[in-house]
Each structure stands twice: as C-alpha cells, then as structure tokens.
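Single-structure report; data block below.
The values are calculated or read from the model by the stated rules, or taken from the named source; none is laboratory data. The model shown is predicted, which means the values in this text are computed figures rather than measured ones. Neighbour counts are summed over all protein chains in view; Cβ atoms, including those assigned to glycine, are modelled from backbone coordinates with ideal geometry. Ligands, DNA and RNA are stripped out before the accessible areas are found, and what is left, the full protein with its side chains, is counted by its heavy atoms. Shrake-Rupley method; radii C 1.70, N 1.55, O 1.52, S 1.80 Å.
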Amino acid sequence: MVVCRNGGRAARQAGGRRGPMSSPALRIESKLPQVGTTIFTVMSRLAAERGAINLSQGFPDFDCDPALVEAVARHMREGRNQYAPMEGVPALREAVAAKFLELAGRRYDPEREITITSGATEAIFDAVAATIRPGDEAIVFEPCYDSYVPAVLINGGVPVVVSLTFPEYAVDWDAFRRALTPRTRLVIVNSPHNPSGAVFDRRDLDELASALEPTDALVLSDEVYEHMVYDGLEHWSVARHDALAARSFVVGSFGKTYHTTGWKIGYCAAPEPLATEFRRVHQFVTFASNTPVQHALAEFLGRRAGYPELAAFYQRKRDLFLELMRGSRFRPLPCRGSYFQLFDYSAITDEEDLPFALRLLEEHGVASIPTSPFLYRTRAPRVLRFCFAKRDETLRAAAERLRRV
C-alpha cells in the first residue's frame, strides 16, 4: 500500500512545483501537473500515423447492430432531439433497473436510484466528486484504469494504492485491511478488471464487505465489462451482495455492451441517498446525455437484445487470438473477463514495457498498451495489453506479425 501524498513514483500525478504565474491571462496553475495525454490516445494516434494494426485502445473495429443505428435514426426523425431528463430517459432507466433485477436480484427504483450518464468515465467522476472532500482517502487497486486517481486528486482527495498480486492480479485482502484508515471515504473496485481480465468471485465480495463493515466507507464499483465473463464463471456484481449494495455506486457502460464506445452512454445505480448526491454533481457536469441514443438503447435493453450472448461472442474471439498466438514468444496470462489479453514478453526482451510497446509498433506494426500507466507503486512487469475486440481478420493479421517477433 502506498499513499500518494508527496514525491515518489506513486505521486507522479499529484506532484509538481508551484510557482507564480507569469501571465494570469495565458497560464493557470495546473491541478494535475503530472498528467499528460493518455497512453490510449498516444498509441492510437501512432497506430494511425504508422499504419499499424491497432490492438491498443479498447474499442471494436466492427460495427454495432445495424438495427440499433436505425433505431437511433428513427428517434431522431421522430423529433427526440432536445434535452433528455437530467436523470435519463425514463424508459432506459426502467430497462436498466429490470436488468439489475434479472441478473443481480437487486431492485433499484428507476425514478430515484438509476442515472444515465455520458459514458462510464463521467459516472466514475461524478461518484468521486459526490463523495470525496479535501483530505479524504480513496483506495484504488493497481493496476487501475487511468481516470480513477486523477478524479480523486482533482477533488482534493488522497489516493491510497494497494497493489494486486502478480501474475494472478488478485486482491491481497490483508493488505487492503491495512490500507483502511479513519480517513478512508471511498474504495474503487473494478471487475472484470482492466487491464488484466481478472474477475471477482463471491469470496472477494465477502472479504470486501467484512473489511468495510466497521467503517463508513463507500464503494465505487466499475463494472463496464459485466457481460464479458468467460469459462463458465459468473459476474459477481456488488449489487448481488446486500451489505455492499447498500454502500455502493455501480457503474456500467452501454458502449462496451453494444459496441458503440463513441456514443458515450453509461449509467450508475445506487441507493437513493447516494444517487441523490450523485445527481447533484451529474447535473452540472453534463446535465443530460444524447436523447435519441437513449431511446434506442431502451428498446434494445428492454427486449434483452445484445447482452445475453456477449460472453460467448468475446470468448470465441479471445480463444481465437490465443490459438493464433501459439508458437510465438509471447506468453498469455489468464483472461477471465473484459476484452483485453495480457501477454508476458520476458522471453523476447528485458526492455521496460513502454519502450518495447513503442518498438513493437514501429518495427512490427502492432499497437498495444503497456501496463505502467496503470501503476503508481510497483514496477511494471514485462507484459503488454492487447484488445481482442476486433474482426477475426484483424486478429489474424496482428498475430501473424507478433509471431515473427
């Protein structure tokens, strides 16, 4: 466990020397002086410039269901082009609530406890902003999605980093208990996990609930890959656990589920006291999200379209990619969820992950993501993340190049 307070690698996003502004009209004092352009933007841009195969950023290179596009167009033609209600289109909130009841056995009130957001990243920020005050601590598990720590910092909080075990990417629950303090206000969890593909099971939820029972800490559960769990395993949402559901914001993503990441529609489910505070922030961040898209998603979700078959769809792509990579010097790590596959490249080189990822792109024409941008405490292992949410021909072409490395 490490606390991002002063100096050191873990505080790289919090540090930076403050000095007088040379020109108030041209320069402001940064709240995030160590944060640059995200690695996802950098690698996707380089892939486009170099003509490389892009397995870096987490988006499909295939289209969504044409019927979904037509539904959006139909709602636009029918005049649903003005602001949606701040909390989201009622039909979509009702469909989200119905899905929680079906899959988690949890009854959320769509009127008061479900909020539609402009993507899951907005929902994550809103939950952090609603709960964190200056000096409050938020526990994150590294490697972690790169929006968590900046959201905590920009709201005056103190990120406390607990490292997942390698190579299992499991939680050391004793380390987590040691990280809890009277100042702990929020715990951010992510399952299925980005970048590793690890998933929580019932025992993990019980451990989390047991550790938090004597505290008033809240939970922010990032579950955007909820429908991508493989090998017969279940998705254990915190919504399935009574004690955790009572203190949790649960965040999901329609972009991940329906192959429409560019539409930026997500949601948050939370008990009414938490949802009320969440909405107080949300209304001043985006206020409302795309109206015709919400109506179209409500139709699809309401008839259970798309998500029941998603795990089988992506498991087949994962298995194809693994089979195509047989015979290479890349060693796969277990992936039980999400659409990311980690590969150990230590048999190829002892280079650190970012230089090797850049060399792989430049010399072999395949873009990947290093895990170091997800880390604050530990040195990055010799692994890279590849996204397999791609057409089969894209995976075949990428694997052919990677087998030559």
Pairs where the first residue, in region 123-134, is among the hydrophobic types (A, V, I, L, M, F, W, C) and the second is buried (at least 24 other Cβ atoms within 10 Å of the Cβ) and at pLDDT below 95, C-beta under 8 Å, 6+ apart: none
When you go through (1) crowded, with 22+ Cβ neighbours inside 10 Å; (2) closer than 22 Å to Ala47 by Cα one by one for Tyr376, which number turns out not to apply? (2)
Residue list for region 287-326, filter: out of contact with any His (no Cβ under 7 Å at 6 or more places or on another chain), within 17 Å of Pro85 (Cα to Cα) and open to solvent by less than 50 Å² (accessible area, probe 1.4 Å): Ala288, Ser289, Thr291, Val293, Gln294, Leu297, Ala298
For region 64-84, check the following and say yes or no: at least one residue is under 21 Å from the mean Cα position of the chain (by Cα) and of a type outside the set (Val, Ile, Thr). yes
Does Asp61 satisfy the condition of being open to solvent by less than 60 Å² (accessible area, probe 1.4 Å) and either acidic (Asp, Glu) or closer than 30 Å to Phe284 by Cα (or both)? yes
Please find, within region 85-101, the residue that is surrounded by the most Cβ atoms within 10 Å (Cβ to Cβ) out of those that are farther than 11 Å from Leu297 by Cβ, among the aliphatic types (A, V, I, L, M) and in contact with a Phe, Trp or Tyr (Cβ under 7 Å, 6 or more places away or on another chain). Ala97
Among the residues of region 338-351, is any in a helix (DSSP H, G or I), on the phi < 0 side of the Ramachandran plot and in contact (Cβ under 8 Å) with a residue 60 or more places away in the chain? no
Residues of region 75-84 being in a helix (DSSP H, G or I), touching a residue at least 12 places away in the same chain (Cβ under 8 Å) and open to solvent by 20 Å² or more (accessible area, probe 1.4 Å), which ones? Met76
Selection count, region 69-88, where residues are within 30 Å of Ala245 (Cβ to Cβ) and in contact with a Ser or Thr (Cβ under 7 Å, 6 or more places away or on another chain): 3
